[in-house]
1. Out of everything in segment 45-63 that is under 21 Å from the mean Cα position of the chain (by Cα) and either under 27 Å from residue 220 (Cβ atoms) or within 16 Å of ligand 1 (Cβ to nearest atom) (or both), what residue ends up being modelled with the lowest pLDDT?
2. If I ask for residues that are surrounded by fewer than 18 Cβ atoms within 10 Å (Cβ to Cβ) and within 16 Å of ligand 1 (Cβ to nearest atom), which ones from segment 276-303 would you list?
3. Name the residues in segment 242-254 that are under 21 Å from the mean Cα position of the chain (by Cα) and either at pLDDT 95 or above or under 18 Å from residue 201 (Cβ atoms) (or both), would you?
4. Looking at segment 97-113 only, could you name the residues that are touching a residue at least 40 places away in the same chain (Cβ under 8 Å), out of contact with any strand residue (DSSP E or B) (no Cβ under 9 Å at 6 or more places or on another chain) and assigned to a loop (DSSP other than H, G, I, E, B)?
5. With respect to residue 312, determine if the residue is over 18 Å from the mean Cα position of the chain (by Cα), farther than 17 Å from residue 332 by Cβ and either modelled with pLDDT of 95 or more or not in a helix (DSSP H, G or I) (or both).
6. In segment 245-282, which residues are in a helix (DSSP H, G or I), out of contact with any strand residue (DSSP E or B) (no Cβ under 9 Å at 6 or more places or on another chain) and free of Cβ contacts under 8 Å to residues at least 60 places away in the same chain?
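The values are calculated or read from the model by the stated rules, or taken from the named source; none is laboratory data. Model, not experiment: these values are computed from the prediction. Note that we place each Cβ from the backbone using ideal geometry, even for glycine, and neighbour counts take in every protein chain shown.
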Ligand code: SF4
Ligand code: SF4
């Protein structure tokens, strides 16, 4: 870690104690839409507002406001963010001109070779496909839509095909030569016995980094969390993943993170002795209407009265009083959701 990054981490830790951000977020996540053609069993995005979305011009303002906050990374997500593919391409291009790294996470349902090429040419730095099963039976069962497994595999192959192509038109050499593609898989009861198979599929389709996370610990997901009788098989799978990692497999989460996943499913609160949740200081999520999305619900700028925050000012949202009140609640959270808890680890 270089000196700047070390200083930022120190300031974020101090911010955590103060419930006030002394520096900007590490990364901003823009949820461009709640719409999605899939209906994954662990996702409730489709129950959110599907009709009101910020126009491209508002997202452009949001991107433009990031350099003054010291933000160097944006993730575009949803819903299925590629339902707004032209807007994503435009925003990646805009961010690239400002020297900001960008990533996209997609189910692969809307990926086409043309979209992939446009994103790549615009300066995209990271493409992530989400894959939750090693075959159509498991993956489509979780996604609740036949054909979703074939879509994500096709999407992975499109990214693998394109990476490495020269893009001399990108002025910033750091962004020009920075491109990686990976996968993200959510561990749940339905796939906990097939994690190494998911790894194999991702690796065999060229993924350069392979991530895992655990399904969220909310009330609706109790049926999807790994059940007690399946914890032994989960532990076995986790140890196999760690063994793969030791031989150089591109698993992009730490051994400690992986080994904590069974503990999380067994007794989430027991993690509180080991970790501090940095969710209010590391990553900042702006929802499709331009408000802040947190695990304690959406937070609005008190000055905004309408459904849409069209003048979305990320710096103002980051520092507003209701956000700081929520940071204090996060700091004393007693029901850890695992992923965010570990963002500092
Ligand atoms: S693909 Fe993503 S947004 Fe769509 S239903 Fe699944 S988890 Fe939710
Ligand atoms: S650990 Fe608690 S406060 Fe932190 S992100 Fe998860 S639910 Fe939110």
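1. Restricting to residues being under 21 Å from the mean Cα position of the chain (by Cα) and either under 27 Å from residue 220 (Cβ atoms) or within 16 Å of ligand 1 (Cβ to nearest atom) (or both), the top hit is 46.
2. Hit for segment 276-303 is 293, nothing else.
3. Applying the first criterion (under 21 Å from the mean Cα position of the chain (by Cα)) to segment 242-254 yields 250-254.
Passing the criteria: 250, 251, 252, 253.
4. Once the filter is applied, which keeps residues that are touching a residue at least 40 places away in the same chain (Cβ under 8 Å), out of contact with any strand residue (DSSP E or B) (no Cβ under 9 Å at 6 or more places or on another chain) and assigned to a loop (DSSP other than H, G, I, E, B), segment 97-113 yields 99, 109, 110, 112.
5. Values: over 18 Å from the mean Cα position of the chain (by Cα): yes; farther than 17 Å from residue 332 by Cβ: yes; either modelled with pLDDT of 95 or more or not in a helix (DSSP H, G or I) (or both): yes.
Spelling it out, residue 312 is indeed over 18 Å from the mean Cα position of the chain (by Cα), farther than 17 Å from residue 332 by Cβ and either modelled with pLDDT of 95 or more or not in a helix (DSSP H, G or I) (or both).
6. Answer for segment 245-282, where residues must be in a helix (DSSP H, G or I), out of contact with any strand residue (DSSP E or B) (no Cβ under 9 Å at 6 or more places or on another chain) and free of Cβ contacts under 8 Å to residues at least 60 places away in the same chain: 246, 255, 259, 262, 263, 266, 270, 273.
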